[in-house]
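Encoded as structure tokens, the structure appears first; notes follow it.
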Amino acid sequence: PGKEQSLLAINEIVRSTGTRLTHRVDLRYCRQQRCTKRFYHFRMPGGPSASVLPADIDNVCNRIETFADNAQDAAILLHCTHGLNRTLLVLAALWMRRRPGATVGEAVEFVRAIRPPGIQRPHIVAALNRWDETRKKDGTK
């Protein structure tokens with residue numbers, strides 16, 4: 001928190017670990033959605049009264065998993081405006097997809113541990129709960 005990095009600086013940090021930044025997923029809300037082979041801009045609403053739908057979470061997770069399946073030994077940059085609520089919402093959902101039986105509470109604690117202070121907005125945690133309920137009802141990942 002409080003540390004902003006340019007995309008160039010982040011790329012250098014990733015490169016210093018021996019990994020390459022291959023894909024970028026931008027969750028900031030803007031006028032149009034864009035997608036290329038290496039860049040995905042998904043207009044996920046943010047702010048204190050934003051409503052994130054379970055389908056929105058699934059769409060972003062599906063795209064990231066597709067990128068990950070096609071990019072071994074590479075890094076995917078996932079970001080929103082501040083790197084907290086929307087970014088951590090998607091990261092928590094991805095973590096839960098990989099761990100059948102994981103709870104929303106465990107996912108929220110996981111993202112808090114790796115990116116303090118964690119998800120700050122209660123409606124974002126509520127969106128994660130709605131997504132989890134939907135996927136359990138539908139029997140999906």
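The values are calculated or read from the model by the stated rules, or taken from the named source; none is laboratory data. On a predicted model such as this, the values are computed, not experimentally measured, just so you know. Don't worry about glycine lacking a Cβ; one is built from the backbone with ideal geometry, like all the others, and counts go over all protein chains shown. Accessible surface is based on the protein model in full, side chains and every heavy atom, while ligands, DNA and RNA are left aside. Shrake-Rupley method; radii C 1.70, N 1.55, O 1.52, S 1.80 Å.
Based on DSSP H runs of at least 4 residues, each adding -39500 (n - 2.57), what is the mean residue ellipticity at 222 nm of the chain after dividing by all its residues, to the nearest 500 deg cm²/dmol? Kindly include the intermediate steps, with their values, before the conclusion.
Values: 5 runs with 67 residues, N = 141.
For the chain, the value works out to -15000 deg cm²/dmol.
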Distance in nm between pseudo-label sites at His82 and Arg130 (7 Å out along the Cβ direction from Cα)
2.1
Provide the gained length on full extension for the span Arg115 to Leu53, in nm with one decimal, where the gain is 0.36 nm per separating residue minus the Cα-Cα distance.
20.0 nm
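Contour minus end-to-end for Asp138 and His123, with contour as 0.36 nm per residue of separation and end-to-end as the Cα-Cα distance?
Values: separation 15, 0.36 × 15 = 5.40 nm, distance 2.22 nm.
Contour length minus the Cα-Cα distance gives 3.2 nm.
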Measure nothing but the geometry: give the 0 to 90° angle between the long axis through the Cα atoms of 85-97 and the longest principal axis through the Cα atoms of the chain, rounded to 10°.
70
Taking just the alpha-carbon atoms of the chain, what radius of gyration and Dmax come out, in angstrom?
14.7, 43
Mind pulling the angle between the C-alpha long axis of helix 122-138 and the longest principal axis of the chain? Nearest 10 degrees, somewhere in 0 to 90.
70
Would you mind checking the tilt of helix 7-16 against the longest principal axis of the Cα atoms of the chain, expressed as 0 to 90 degrees and rounded to 10?
80
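Using a 1.4 angstrom probe on heavy atoms only, work out the carbon and sulfur share of the accessible area of region 68-141 in %. Let's see the in-between values first.
On the way: 2070 of 4010 Å².
Taking all protein chains in place, region 68-141 shows 52 percent carbon and sulfur surface.
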Counting only DSSP beta bridges with both residues in the chain, what percent are antiparallel, rounded to the nearest 5?
20
With R₀ set to 22 angstrom, the calculated FRET efficiency between the beta-carbons of Leu8 and Thr66, to the nearest 0.05, is 0.30
Given unit charges at Cβ for Lys, Arg (+) and Asp, Glu (-), the dipole magnitude of the chain about its Cα centre in debye, nearest 20, is 260
